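S.K.: Structure incoming, see below.
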Amino acid sequence: MSDSSKKEGDSLLPADEKPELRIVLLGKVRVGKSFSGNTILGKDLFHSKPGLSPVTEKCQKEMGNINNQNVVVVDTPGLLSIDKTEEEIVRKIKKSIKLAKPGPHVFLIVLSVRDKYTKKVEDMVKSICDTFGKNTMDYTMVLFTRGEELKGTIEDFICRNENLHELINKCDYGYHLLHNCPEQVPELLKKINDKVQAEEGSYYTAEMLQEAETALQQVQNAAEGERQSKLACIRTAVLSGMGVGCLLGYLAGEGQITSTIGAALGAVGGGLLCAAVAGIVISAKKKCKCSNTCSCLV
Ligand SMILES: Nc1nc2c(ncn2[C@@H]2O[C@H](COP(=O)(O)OP(=O)(O)O)[C@@H](O)[C@H]2O)c(=O)[nH]1
Ligand SMILES: [Mg+2]
């Protein structure tokens, strides 16, 4: 973790009071984020109701005092919503960092034990990591909901899916299984508090978010640059093909058809041929680049 965020001290607090804890809830829509927020704070503060449509439209901050500790919980709108774009939701979710000022100690990525850890959910986690940047996993715990419905242990559930297992291994705060009862909360808070203490009060900061935004922008700019250079390459190949085809068609057309028709046919043929060749060269180049970088081939 970066040293810049290790700036909290508890020396000014009364002996029996713990430093404030700040939590941000993230995850798919209808997975139980708001429900978990209410369970943690022991009150119905976040709107959570049965059904399929998303109910949390924007980030919401609530707080409570639990065992002499101020706990701040920021609920966020759910990802993978069918009626909103991912960009729109991500833009809203980023606001959670400001609400959890000076920054959250932990992101709880909420997953339900009802759901399989599919490629779609895996991509959602990746999108969370892209949004919050390279430090995300240093401040992340996976929170499983609907613990009461789980048959077998949570460890078995995790081990059944290699990708989920891999995710848990990457999360510095590990995982926790939440049943729909308040007795689960002290253990969850203890896990988080112990880790925060071990990290000397470190938390995710707005600077880290800024850094992540810059990094993402650079990746997008590089991809756009590559796209533009491919287009320019195809354009040049087609134009030169048309030129050569036109000349050859003009010369060949004199015998049977008029030179003008010959030139036109030659231009079309030359253009098509060069576009095809350019396409083959670009895709061959792409494969070549991939074989240099893909870990699957190492
Ligand atoms: N029994 C039970 N119900 C849950 C649990 N988590 C979520 N729910 C229910 O699932 C529905 C959606 O939860 P909600 O918190 O609104 O989802 P969100 O979109 O992630 O905020 C609500 O009806 C909750 O009561 C859980 O752990 N146990
Ligand atoms: Mg919600």
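S.K.: As I understand it, the dipole of the chain uses +1 on the Cβ of Lys and Arg and -1 on the Cβ of Asp and Glu, about the Cα centre. Which of Cys274, Thr39, Val142 lies farthest toward its positive end?
M.R.: Value: Cys274.
S.K.: May I pose another question? Among Thr56, Gly243, Ser259, flag the residue with its Cα farthest along the positive direction of the charge dipole of the chain, charges on Cβ as +1 for Lys/Arg and -1 for Asp/Glu.
M.R.: It is Ser259, whose Cα lies furthest towards the positive end.
S.K.: How big is the gap, in Å, between the Cα center of the range 59-120 and the Cα center of the range 169-214?
M.R.: Value for the Cα centre distance between the two parts: 12 Å.
S.K.: Placing unit charges on C-beta atoms (Lys and Arg positive, Asp and Glu negative, everything else neutral), compute the dipole magnitude of the chain about its Cα centre in debye, rounded to 20.
M.R.: It works out to roughly 900 debye.
S.K.: Quick one: work out the % antiparallel among DSSP beta bridges in the range 3-204, nearest 5.
M.R.: 25 percent
S.K.: For the range 41-188, how big is the tail of P(r) above 27 Å, as a whole percent of Cα pairs?
M.R.: Across the range 41-188, Cα pairs with separations above 27 Å total 21 percent.
S.K.: Anyone know which of Gly245, Gly51, Gly201 comes out most mobile in the 10 Å Cα GNM of the chain?
M.R.: Gly245
S.K.: What are the residues whose amide H is under 5 Å from the amide H of Arg22, where those residues sit 5 or more places off or on another chain and H is modelled from the backbone?
M.R.: Val72, His105, Val106
S.K.: Using only helices, what value at 222 nm comes out for the chain when you add -39,500 (n - 2.57) per DSSP H run of length 4 or more and divide by the total residues, to the nearest 500 deg cm²/dmol?
M.R.: Taking each H run of at least 4 residues, the total per residue is -17000 deg cm²/dmol.
S.K.: Right, another one. Once amide H atoms are placed 1.01 Å from N in the peptide plane, what residues at a sequence separation of 5 or more from Ser112, or on another chain, have their amide H within under 5 Å of its amide H?
M.R.: Close amide H contacts, sequence-distant or interchain: Thr145.
S.K.: Counting other Cβ atoms within 10 Å, which GluC sites (Glu not before Pro) in the range 164-267 have at most 11 and lie in a DSSP loop?
M.R.: Qualifying residues, ordered by number: Glu254.
S.K.: While we're on this one: Report the one residue of Gln220, Asn193, Leu209 whose Cα lies farthest in the direction of the positive end of the charge dipole of the chain (charges on C-beta: Lys and Arg +1, Asp and Glu -1; origin at the Cα centre).
M.R.: Comparing the listed Cα positions along the dipole, Gln220 ranks first.
S.K.: Using the Kyte-Doolittle scale, find the helices of the chain whose mean hydropathy is at least 0.5 and whose Cα atoms extend 30 Å or more along the helix's long axis, counting only whole DSSP H runs.
M.R.: Both cut-offs are met by 259-293.
S.K.: Next question. Along its three principal axes, how long is the chain when you only count alpha carbons? Whole Å, largest extent first please.
M.R.: Here the Cα extents, ordered largest to smallest, are 101, 42, 39 Å.
The numbers here are math on the coordinates, done by the rules we state, and not lab data. Note that the structure is predicted; figures quoted are calculated from it, not measured. Every residue, glycine as well, gets a Cβ built from its backbone with ideal geometry; the counts of neighbours run over all protein chains shown.
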